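Here the structure comes first, spelled out in structure tokens, and everything after it is commentary.
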Amino acid sequence: MNCPYCGYADSKVIDSRDVNDGVRRRRQCLNCRARFTTYERLQSVGLFVIKKDRRREEFSQEKLLSGIRKACEKRPLPTGAVDRLADDIEARLYRSGRSEISSSVIGDMVMAGLKKLDHIAFIRFASVYRDFADITDLKREVDTLLDDGAELGPPTSQLPLIPDEEPVGLSKSGQRRRR
Ligand SMILES: [Zn+2]
């Protein structure tokens with residue numbers, strides 16, 4: 001595949017990974033050194049994101065990554081955690097075999113990933129992505145952290161966002177339902 005940035009024909013493979021239905025290769029252009037990802041077999045399918053305003057846009061790994069990076073800025077995360085999350089989500093999207101996917105589905109996947117990774121990053125991402133109307137919405141999102149925390153324990157990489165206490169009265173019904 002030609003470099004999507006400069007059109008140069010040659011690239012080297014930096015990383016290669018099996019996904020369900022093919023091989024995902026991280027490549028670097030030998031000319032402009034830009035990095036991009038190819039999917040053998042699945043690449044031809046193409047993946048489009050349907051935005052909130054119904055516009056259709058080709059899926060961009062770089063956009064996904066930069067959104068996650070922004071949320072994780074200056075957070076004490078293990079090396080490579082952000083890239084792994086982006087890679088993971090991307091692989092799952094391609095594995096789904098769909099050619100179109102709603103941006104809100106991707107947003108939810110990022111939220112689910114960040115929730116396990118770092119609560120501050122989760123809140124940051126949620127506040128941008130969910131576009132909270134008021135503090136009640138934000139609180140509901142934080143409550144889901146308490147819910148999950150009761151089952152999974154807090155991420156080990158950070159101090160608790162909220163002091164430890166039993167989330168009494170918080171039940172499954174307190175969880176946010178998406179569509
Ligand atoms: Zn290039």
Q) Amide H of VAL23: which non-local residues (sequence gap of 5 or more, or other chain) have their own amide H closer than 5 Å, using H built in the peptide plane? A) GLU40, LEU42
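What are the GluC sites (Glu not before Pro) within the stretch 20-96 that DSSP puts in a loop, where the Cβ has at most 12 other Cβ atoms within 10 Å? Walk me through the numbers on the way to the answer.
Details: sites: GLU40, GLU57, GLU58, GLU62, GLU73, GLU90; in loops: GLU40, GLU73.
Hits after loop and neighbour filter: GLU73.
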Q: Pop the C-beta distance of VAL13 and GLU62 into the FRET formula with R0 = 22 Å and round what comes out to the nearest 0.05.
A: 0.75
(Q) Taking 25 Å as R0, compute the FRET efficiency from the Cβ-Cβ separation of ARG33 and ASP108 and round it to 0.05. (A) 0.15
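Going highest first, how would you order 4-16, 104-116 by mean Cβ packing within 10 Å? Intermediate values should be presented prior to the final figure.
On the way: 4-16: 12.2, 104-116: 18.4.
Highest to lowest by the protection proxy: 104-116, 4-16.
Length gain on complete extension for the stretch GLU40 to ASP88, per 0.36 nm per residue less the alpha carbon to alpha carbon distance?
This chain segment gains 15.6 nm when fully extended.
Using 0.36 nm per residue of separation minus the Cα-Cα distance, give me the extension gain between VAL23 and PHE48 in nm, one decimal.
Values: separation 25, 0.36 × 25 = 9.00 nm, distance 1.94 nm.
Residue separation times 0.36 nm, minus the Cα-Cα distance, leaves 7.1 nm.
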Q. Among the listed pairs LYS74/LYS116; LYS52/LYS139; LYS63/LYS139; LYS12/LYS51, which are separated by more than 22 Å between their Cα atoms?
A. LYS52/LYS139; LYS63/LYS139; LYS12/LYS51
Q. Amide H to amide H under 5 Å from SER102: which residues, 5+ apart in sequence or cross-chain, H placed 1.01 Å off N in plane?
A. ILE50
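Bear in mind these aren't lab numbers, they're just calculated from the coordinates by the rules spelled out. From a predicted model like this one, the values you see are computed outputs, not experimental measurements. Neighbour counts run over all protein chains shown; Cβ positions are idealised from the backbone, glycine included.
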